């Protein structure tokens, strides 16, 4: 019997991925654990090893298509003769492996009134069964169990899949008395959706796929969180002077570049220990307060940084010095540039830092990385004339912007958090 190549669970909140590339083609021989397919999720891009040695006889999920966790993507047959027969026949075992029902015994055609309805998949308690992805989408969109039960599923055994739920959400709330097309025309077309802009000679249209699609879906989920952004200005003159004086000796002594980001991480970490609800997560009405600070740092993928955005995690920042954080930061940045990040590298973050200032941005509102309760944006350092002791002075000023989940964090807490981070960076007494 052929062995299924299953989509694994690649993270706590990852319920599906995209097959970005098949590394082997139908008919190729693969060894057990040899990379056979490349999977992309909103968290990581990774290669999956073959579950057994044999011949790839069927690709069930083509490149660019989505696949849910624990579903079959392809089939491997160890016996060469059986493999050749399957390939020649177009892989007859594929349908059975993908969960298609066996062919029914021929019967006389039934009249429409007598046609049996397909059985709906249920669990042991008799309730309808839904995939983790559908469950998550329903929860995020406030779809009740009763609403789910009312959706006609187009999947195997009447199962409700992602497209079914998306179609339901698109039409949710529309009453049976919605205007007809003719009536919509009378209303000036206001009830009809706007027609897409047609591609001209200088345009091209293509589907959103791969990492860009994963990012879009993650951002859509995060957009469901009620957030507020708060801004504060920070005088980082002391930090700038320290770095200018010590960057060469720091690299010579510790073997890594001295950037501003490790200092931001250290100041944020020490402050998060005082404000636990900013180092927390809200999931299904349950609040988790994290004792350790595992800092997600937004970095770009690929040598040129154009491969998408990913958030690898520096763990236990509360137990690390600035030097140790700097070394970890350089490692994850190098792995991101070389597309060498693994699943474990992007799991378990409790707070996120994004540093748009590294490419010149001076202000913005970062998007929260749900289910985390906060993200801090560090923006460009600019020399400005400011008032110091009633005199005008030229100082190095930057903007810090905190975006936070307003269900867990109020404006007062956010303001105090920012003031504390500001104080630590301006006094610059935390370096060790």
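Modelled label-to-label distance, residue 327 and residue 288, 7 Å Cα→beta-carbon offset: nm?
2.9 nm
Among 282, 418, what is the fewest-to-most ranking by other Cβ atoms within 10 Å? Present the calculation step by step, with values, prior to reporting the outcome.
Values: 282 17, 418 20.
By the 10 Å Cβ count, ascending, the order reads 282, 418.
Among 239, 272, 412, what is the fewest-to-most ranking by other Cβ atoms within 10 Å?
If I rank by nearby Cβ atoms, fewest first, I get 412, 239, 272.
Taking the Cβ of each residue in 6, 341 as the centre, tally the other Cβ atoms inside 10 Å and list the residues starting with the fewest.
In increasing order of surrounding Cβ atoms, one gets 6, 341.
Rounded, prolate or oblate: pick one for segment 226-427, where a ≥ b ≥ c are the square roots of the eigenvalues of its C-alpha gyration tensor, a/c under 1.5 means rounded, and failing that, prolate if a/b is larger than b/c, else oblate.
Working: a/c = 1.64, a/b = 1.10, b/c = 1.50.
Oblate, because a/c is 1.5 or more while a/b does not exceed b/c.
How far apart, in nanometres, would the label points at residue 88 and residue 229 be if each is projected 7 angstrom from Cα along the Cα-to-Cβ direction?
For the pair residue 88/residue 229, the computed spacing is 6.3 nm.
Compute the length gained on full extension between residue 145 and residue 388: take 0.36 nm times their separation in residues and subtract their Cα-Cα distance, giving the result in nm to one decimal.
81.4 nm
Subtracting the Cα-Cα distance from 0.36 nm times the residue separation, let me have the gained length for residue 135 to residue 215 in nm, one decimal.
The residue 135-residue 215 span can extend by a further 26.8 nm.
With r defined as the distance between the Cβ atoms of residue 79 and residue 427 and R0 fixed at 56 Å, what FRET efficiency is calculated, to the nearest 0.05? Intermediate results must be reported in sequence, preceding the final value.
Details: r = 71 Å, r/R0 = 1.27.
FRET efficiency, residue 79 to residue 427: 0.20.
How high is the FRET efficiency from residue 270 to residue 47, r the C-beta distance, R0 51 Å, rounded to 0.05?
That gives a FRET efficiency of 0.85.
Quick one: grab the alpha carbon gyration tensor of segment 215-267, order the square roots of its eigenvalues as a ≥ b ≥ c, and give me rounded if a/c is under 1.5, else prolate or oblate depending on whether a/b is larger than b/c.
Since a/c reaches 1.5 but b/c is at least a/b, the shape of segment 215-267 is classed as oblate.
For residue 9 and residue 252, FRET efficiency with R0 = 60 Å and r from the beta-carbon atoms, rounded to 0.05?
With a Förster radius of 60 Å, E is 0.85.
Under the classification rounded if a/c is under 1.5, otherwise prolate if a/b is larger than b/c and oblate if not, where does segment 308-394 fall, given a ≥ b ≥ c as square roots of the Cα gyration tensor eigenvalues?
prolate
Every number here is computed from the coordinates shown, using simple stated rules; none is lab data. Just so we're clear, the structure is a prediction, and the values are computed from it rather than from any experiment. No Cβ is skipped: glycine too gets one built from the backbone with ideal geometry, and neighbour counts run over all protein chains shown.
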